[in-house]
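Quick notes on the structure that follows.
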Amino acid sequence: MHRERRAGDRWFDIAFLVGFAFKAVDGLVELLVGLPLFFVSSAQVDAAARLVTAGELREDPDDLLAHLIRHGVADLSGQATVFAAVYLVLHGLVKLGIVAAIVSGSRKLYPWAIAALSAFVVWQGYEFALHPSAGLALLTLVDIAIVALTVREYRHHRSLRDAVRSVLGRRSSPPGPAASRRGRQHPEEGVR
C-alpha cells in the first residue's frame, strides 16, 4: 500500500514538474510574441501571419492551425494589437516570475502563485465565454491542473526540490512546516 502511494505521488510530482516546465516555456513564448506587437501595425501582423502560414497552406489547404492563425489576426485593429501586446507581456512576465519563484525554493510564494494562476483561469474563463476557442480551452484546463498540483504540493508542505527528489527516486525532506524550518536531513542525503 505504501509503495503504491509513493508511485502515485511520483506521478503527481512528474505532472507538477512538467506543468511548471510548460508554464516556463509558455511564459517565454508569450513574452517573445507580445514584445514585438508594441512596435508593429496590425497590417504588419497580418502580413507576417500570411508569410508564416503560406507554405503550410500550399502543402495542406485545409490546415486547421494555419487557418486559425490567419483568422485570428485578420480582424486585429491597432487598439486590439496593443491590448494583445500588453496582455501577452504581462501574462508572460507573471508566469516566468511564478516559475522563477517556485524554482528558487521559497514555499512562501506558493499561495501567490496559486492566486495569480487562479486569476488567469478566471480571466481565461471569461474570455472563453465571450470568444470560445479550442486553444483557450486547452490553456485554461492546463492552468487549472497546474493550480491543483500547486495546491497539492503546498498542502503537503513540499518544495519543488522535494518533487524533483521524488521523481529521481530519492527521499524527500520530512513533511511538515516545522521540519522544513529546521532543515533536518535524512542520513542518506549527507552533508550539503
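The values are calculated or read from the model by the stated rules, or taken from the named source; none is laboratory data. A quick note: this is a predicted structure, and the numbers were derived from the prediction, not measured. Note that we place each Cβ from the backbone using ideal geometry, even for glycine, and neighbour counts take in every protein chain shown. Just the protein is used for accessible areas: all its heavy atoms, side chains included, with ligands, DNA and RNA removed. Shrake-Rupley method; radii C 1.70, N 1.55, O 1.52, S 1.80 Å.
For segment 1-114, the solvent-accessible area works out to 65 Å² per residue, with a probe of 1.4 Å and every protein chain left in place.
With N as its number of residues, segment 1-153 has a Cα radius of gyration that, divided by 2.2 N^0.38 Å, comes to 1.23. Loop-located chymotrypsin sites (Phe, Trp or Tyr not before Pro) across segment 11-120 with a Cβ neighbour count of 16 or fewer within 10 Å are PHE38, PHE39, with loop assigned by DSSP. What the Kirkwood sum gives for segment 103-158 is a hydrodynamic radius of 12.0 Å, with every pair of different alpha carbons counted. For segment 23-103, the share of accessible area belonging to carbon and sulfur comes to 71 percent (1.4 Å probe, ligands and nucleic acids excluded).
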